[in-house]
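Novice: Structure incoming, see below.
The values are calculated or read from the model by the stated rules, or taken from the named source; none is laboratory data. Owing to the predicted nature of the structure, the values given are computational and were not obtained by experimental measurement. Note that each Cβ is placed from the backbone with ideal geometry, even for glycine, and that neighbours are counted across all protein chains shown. Keep in mind that these areas ignore ligands, DNA and RNA; they rest on the heavy atoms of the full protein, side chains included. Shrake-Rupley method; radii C 1.70, N 1.55, O 1.52, S 1.80 Å.
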Amino acid sequence: MDLFKEFKNDFPASIVVFFVALPLCLGIALASGAPLFSGVIAGIVGGIVVGMFSGSQLGVSGPAAGLAVIVLTAIGTLGSFEAFLLSVMVAGVIQFLLGYFKAGFIAYFVPSSVIKGMLTGIGLLIVLKQIPHALGYDFDYEGSESFEQAGGGNTFTALADAWNLLTPGALLIAAVSMVILILWDTTLTKKHRLFEILQGPIVVVLVGILFNYLFQSGVLNFSLAENQIVQLPVANNLGEFVGQFTSPDFSQITNIEIYKIGLVMAIVASLETLLCVEATDKLDPVKRITPTNKELKAQGIGNVLSGLVGGLPITQVIVRSSANITFGAKTKLSAILHGIWLLLSAVTIAGLLNMIPLASLAAILIMVGYKLAKPSLFSHMYKLGWEQFAPFIATVAAILLTDLLTGIAIGLVVGVFYTLHHSYRNSHYLKESTTTEDGREVHHIVLAEEVSFFNKASILQVLEAIPKNAKVIIDCSNCKSIAYDVVEFIRDYPLHAKLKNIEVETINFIQPKY
């Protein structure tokens, strides 16, 4: 089967993504005020179901940190988690309809500089957010993407607090993990094929479990607190496992709030997914293009099912997707397998997984973040000029200081500014002025193909600069569209020009009927 043609690459990458996704699923559920297992359900559905229906070869879906605040507020508004699950299903239906009516084109309006800024900002954010976990400071939930944190702190105050409340055991694990990852990436993979098959992050997780065991058995005189290790709900038998699934409260089907919240979640989740799709396609080594409408349908199906069985809302997620690419995935099999590993682990080895230190996972994510935000990228974007660098750096800074969607919106505003600036400058060009027999200077202004109301100021400026007793030719031969504001100004200009004894001639100036 074609699905298994890259199994040797997809299999180890799927295990890495599984280890990255597990604490994120739990952390996002915790931040959302939802049962911890609902995050795992969303990860399973995002991996298996969305993975199967998606057209994205490298994207990985699951619960998203960007929706955590919306989910927390929604559960409070609706009064129960079961009623909220109905909103998740509604959001899924809306997403499917958006895909059916081909709304996926929205993603193509985001400039490349903003997408690169988004990836870099997320990379830096991962590093900054994971440093406290690497030092043993675990008061901010795993997977947080916002600058502001619970308790009035923020990303940078958490770094200071982490140093003040440093846990030596966590620091030891993180330091050893980073050494392993760097050696694996720079040296060992080049020495033997075995080190390519056995990924560094898998070794890091196993070493972390070993350290934790040595701490608990007293061999090493260190310890980790409960909140410094993975905390997956443990089911002692199949009945307990099945009991962790929750059904929606269909009695709320007539509650208008269900549909309002569903609409909001559908819009935010769809935007996050489409932006992640664009970013993932840019990271893809072979530059495949994901069909965005198909992706919206896949996300819709996933959210309907996730809501039906008790899961959080799902989006495609850049942290998991970039980890997937970083560690060698080639096809969608990796995403599907990571969902299967989440399911199997929740059923069988939850107790063992609860031995994994968060410091080990923080080291893996720091490596992912570094690869997204390499210093060379800043230099490359700067060399492309301010038109590319300004939206890029604005997006990076805004993501670090606000959140993902706000950062992208600010980057877009800066990008639009440069577009308008170009439009302002390119409204016309001036031919060389000549002199007539009677001594009049002739200024020939040729308007561009598209003249919008943004161009009015630049055209007015050049016409105001025409000296007295001259002649001006306003040439509209190339114009395909002229905004009414400009038409009105050109029409009235001869009256003003008489005051300066300027002769006005127009070429192909046809006043449209508005």
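Novice: Between Rg and the Kirkwood Rh of the stretch 115-267, both from Cα atoms, what is the Rg to Rh ratio?
Specialist: Dividing the radius of gyration by the Kirkwood radius yields 1.07.
Novice: Also, quick follow-up: So what are the stretch 156-204's ellipsoid semi-axes, whole angstrom, largest first, if each one is the square root of 5 times an eigenvalue of the alpha-carbon gyration tensor?
Specialist: Value: 30, 10, 8 Å, ordered largest first.
Novice: Over the chain, what is the relative contact order in whole percent, taking alpha-carbon pairs under 8 Å and six or more residues apart?
Specialist: So the answer I get is 28 percent.
Novice: Pairs of Cα atoms under 8 Å, at least six residues apart: use those to get the relative contact order of the stretch 249-373, whole percent.
Specialist: It rounds to 23 percent for the stretch 249-373.
Novice: How much net charge surrounds Leu401 when only other residues with a Cβ under 14 Å from its Cβ are counted (Lys, Arg +1; Asp, Glu -1)?
Specialist: Computed value for this residue: -2.
Novice: Measure of size requested: the Rg and Dmax of the stretch 140-184, with Cα atoms as the atom set and Å as the unit; please supply both.
Specialist: 13.2, 39
Novice: Give me the compactness ratio for the stretch 445-514, meaning the Cα radius of gyration over 2.2 N^0.38 Å.
Specialist: Values: Rg = 11.5 Å, N = 70, 2.2 N^0.38 = 11.1 Å.
Its radius of gyration relative to the 2.2 N^0.38 Å reference: 1.04.
Novice: In the chain, with Lys and Arg counted as +1 and Asp and Glu as -1 at Cβ, which of these residues, Leu125, Ile197, Ala457, has the Cα nearest the positive end of the dipole, that is, farthest along it?
Specialist: Ile197
Novice: Under 18 Å between alpha carbons, and skipping anything fewer than 8 positions from Lys102 in its own chain: which lysines qualify?
Specialist: Within the straight-line cut-off, Lys102 pairs with Lys294, Lys297.
Novice: Something else: In deg cm²/dmol and to the nearest 500, what is the mean residue ellipticity at 222 nm of the chain if only DSSP H runs of at least 4 residues count, each as -39500 (n - 2.57), divided by the residue total? Before the final figure, lay out the partial values.
Specialist: Working: 21 runs with 302 residues, N = 514.
Estimated from H runs of four or more residues: -19000 deg cm²/dmol.
Novice: For the stretch 83-185, with every protein chain kept in place, what is the accessible area per residue (1.4 Å probe, Å²)?
Specialist: 40 Å²
Novice: Quick check: net charge around Ala329, other residues with Cβ under 13 Å of its Cβ, Lys/Arg +1 and Asp/Glu -1?
Specialist: Net local charge, Ala329 excluded: +3.
Novice: What percentage of the solvent-accessible surface of the chain, computed with a 1.4 Å probe over protein heavy atoms, is contributed by carbon and sulfur atoms?
Specialist: C and S atoms contribute 64 percent here.
Novice: Given the Cα atoms of the stretch 286-392, and with Rh set as the inverse mean 1/r over their pairs in the Kirkwood sense, what is Rg to Rh to two decimals?
Specialist: We get a ratio of 1.05 for the stretch 286-392.
Novice: Taking the Cβ of Pro357 as the center, what net charge do the other residues with Cβ under 13 Å away carry, scoring Lys and Arg +1 and Asp and Glu -1?
Specialist: -3
Novice: Let me ask something else. Roughly how many Å is it from the Cα centre of the stretch 12-71 to that of the stretch 170-245, as a whole number?
Specialist: 19 Å
Novice: Which value, in debye to the nearest 20, describes the size of the charge dipole of the chain about its Cα centre when Lys and Arg Cβ atoms bear +1, Asp and Glu Cβ atoms bear -1, and nothing else is charged?
Specialist: Using only the charged Cβ atoms, the result is roughly 1040 debye.
Novice: Also, I was wondering about something else. With all protein chains present, calculate the accessible area of Cys479 using a 1.4 Å probe and round the result to the nearest 10 Å².
Specialist: In the full protein context, Cys479 sits at about 30 Å².
Novice: Quick query: amide H of Ile229 versus all other amide H atoms, modeled in the peptide plane; which residues come in under 5 Å with a sequence gap of 5 or more or a different chain?
Specialist: Excluding prolines and chain starts, which carry no amide H, the hits are Leu358.
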